[in-house]
Structure formats: structure tokens, C-alpha cells
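Trainee: So that we are looking at the same thing, I have put the structure below in C-alpha cells.
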Amino acid sequence: MTGASEHRAGFIALLGRPNVGKSTLMNALVGAKIAITTDRPETTRKAIRGILTTPDAQLIFVDTPGVHRPRTLLGQRLNDTVSQVMAEVDVIAVCFPADEKIGPGDRRIVASLAQWPRAARVAVVTKTDTVRREALAPKLVEVDRLTEWTDVVPVSAEAGSQLGELTEVLSQLLPRSPELYPAGQRAEETPEEHIAELLREALISELSAELPHSVAVVVEEMSPREERPGLVDVHASVYVERSSQKAIIIGRAGARLRQSGTRAREQIEAYLGKRVYLDVRVKVAREWQTSPKELGRLGF
């Protein structure tokens, strides 16, 4: 282990368009499921912090919502969250999927880096397991030419490729500092916040392409059952914008909600290490994505 004066610690933002693999990458780097992952864009809605502590450094990864052109007040607030995070981090790691062409959204993100000159810039080419080896080199060259990077690192979170190399590159860019979090801590979220995300992930996996953006989840109450210490009662509310959406989530005779609840309960039990009774109620908060009052009540 390095001496205290040589130890490094700091914050690393993962930036990129929606659905470029930021959450999957952070989970792989930290070695635990910190952020939910789906194949739907705009799954991440808050700045999620995952903590990796090594003998020489502590890397605090901040998974940001995907930068996009906002269509609602919620979308604007997600972009504002990204801007706030960028102003405070030591390194910005911009993700570019290996299996997609560089597009206008990528170029807008690269251009925006000038707003945060204090942070080092690293390009991360993700999903390298999805392309042939001969196609990867031209992709790396294309990304390298976008701006002046400290480094360009190809990785595959799914295959576990180059994760150690990326960790080493990022560690060396952090300031000298003692650990900022206890060594055993891997996330900053509260259990209630993480459980709400696990339920939202299960719902998104069951729903149609458009509806996930209209779904918000809040854990209203969580406590161990007195007469059964090994059982935890979790009461959660799922908010949608219209009654028709409520019907979609519940499904015929409640089948879809039961299926989503079962999927979520399995994940929650694995997370808590205890049996869980999950009570889910679906409620309507009309046009919550555009209502400042409702957004505030739902934590945005």
C-alpha cells in the first residue's frame, strides 16, 4: 500500500448519451450493482455514486443521466444534474459505444467539456465485445480525434476486459488525498432509494417502449416485521401520469404488476440479504414530468 501522502482519491463522472453503457460500466468497476441497467434510454435519473477502494486510491464514480435534448421539465432537470456534477469532479470519462457511429449528440457532449476545464478528460470506448477486433482500431482513432484526451481506453464491462487498465488510468488522474468514504462503503444511496430503483428497473423491463419515462417510484416505508425479525416489509408507490398508464402497469387481473413485483422482490432480497414482503400501490400524479410541485415531491 502507498503512503498516506501518495494515496489518491476523487470523483470521476461518467458522461455520455443515453444508453451508452455508463451504468453497466460503473457496476463492473465497483464490483456491485449500484445503478440499475436496462436497454431503454434515460434509465438513470439521478447522479448515482459508486465507490471503488483499492490499496492506492479511492475512486468515486458518478453515473450521470444521459445528456439529451429535453422534452419535459424532468428532462431539463436531468441535464441540470449533469452540469452540477461536472463542475465538481476531478475527471470526466466520456463513454462512446464501440458498436455505434459518432453522432451529433456525441459531438455536443465533447464540445460541452470546455465548460469544465479543471477536470481531466478520458475517452472510454465501451461495449468492445460487440465489434470485431479489426473494427476497433478505426473507432479508437475516430474517438481520439474528437478532442484532446488524456487517454483513450477501450473496455467491455460485460466481458470484464480492460477494467483494471481503466482503473489505473483514472487513479493516476485523481488528486493526492486520504480516503473520502469508509473503505467498505460501495454506494452513497440510502437503502430506500436503491430499492425504489430496483423496483423501477423491474417495471421498465416489463413495459412498452414509451411508458418507462412516465414511471416514478418512491419507497414510502420500510421496516423489519416485529414478530418475524428475518422479514422486511417494504411499502412502495409507483406513480404514473394517466389512468390508462396505471392500467398498463397493473395488467389483466394484476398479472403484470405481480410479475414485476416478483422480479423486484428477488433483487431486493439479494440486496438486503433478508426475506421481503413487497407491497406496491400504483397511483396517478397527473403530468408529473412537467409539474414543479410533483417533481419536487418525487425527489427531482
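Trainee: Is the stretch 124-135 home to any residue that is part of a loop (DSSP other than H, G, I, E, B), of a type in the set (D, E, K, R) and at pLDDT 90 or above? Spell out how you get there, then give the answer.
Mentor: Step one: of the stretch 124-135, the residues part of a loop (DSSP other than H, G, I, E, B) are 127, 131-132.
Now drop any that are not of a type in the set (D, E, K, R), which leaves 127, 132.
Now drop any that are not at pLDDT 90 or above, which leaves 127, 132.
Yes.
Trainee: Let me ask something else. Does Leu272 satisfy being of a type in the set (A, V, I, L, M) and either farther than 27 Å from Thr64 by Cβ or surrounded by 19 or more Cβ atoms within 10 Å (Cβ to Cβ) (or both)? Walk me through how you get there before you give the answer.
Mentor: On the way: of a type in the set (A, V, I, L, M): yes; either farther than 27 Å from Thr64 by Cβ or surrounded by 19 or more Cβ atoms within 10 Å (Cβ to Cβ) (or both): no.
So Leu272 fails the test.
Trainee: Can you pull out the residues in the stretch 82-130 that are basic (Lys, Arg), touching a strand residue (DSSP E or B) at 6+ places or on another chain (Cβ under 6 Å) and over 25 Å from Ala57 (Cα atoms)? Spell out the reasoning first.
Mentor: Of the stretch 82-130, the ones basic (Lys, Arg) are 101, 107-108, 118, 121, 127.
Within this subset, residues satisfying the condition of being touching a strand residue (DSSP E or B) at 6+ places or on another chain (Cβ under 6 Å) are 121, 127.
Once the filter is applied, which keeps residues that are basic (Lys, Arg), touching a strand residue (DSSP E or B) at 6+ places or on another chain (Cβ under 6 Å) and over 25 Å from Ala57 (Cα atoms), the stretch 82-130 yields only Lys127.
Trainee: Specify which of the listed residues (Leu207, Leu198) is at pLDDT below 90 and aliphatic (A, V, I, L, M). Step through it out loud before you land on a result.
Mentor: Details: Leu198 fails: at pLDDT below 90.
Exactly one of Leu207, Leu198 is at pLDDT below 90 and aliphatic (A, V, I, L, M), namely Leu207.
Trainee: Here is a check on your reading of the model: is Gly273 under 25 Å from the mean Cα position of the chain (by Cα) and under 16 Å from Val217 (Cα atoms)?
Mentor: Working: under 25 Å from the mean Cα position of the chain (by Cα): yes; under 16 Å from Val217 (Cα atoms): no.
Considered against the rule, which asks whether it is under 25 Å from the mean Cα position of the chain (by Cα) and under 16 Å from Val217 (Cα atoms), Gly273 comes out as no.
The values are calculated or read from the model by the stated rules, or taken from the named source; none is laboratory data. Because the structure is a prediction, the values reported are computed rather than measured. With ideal geometry, Cβ positions are generated from the backbone for all residues, glycine too; neighbour counts draw on all protein chains shown.
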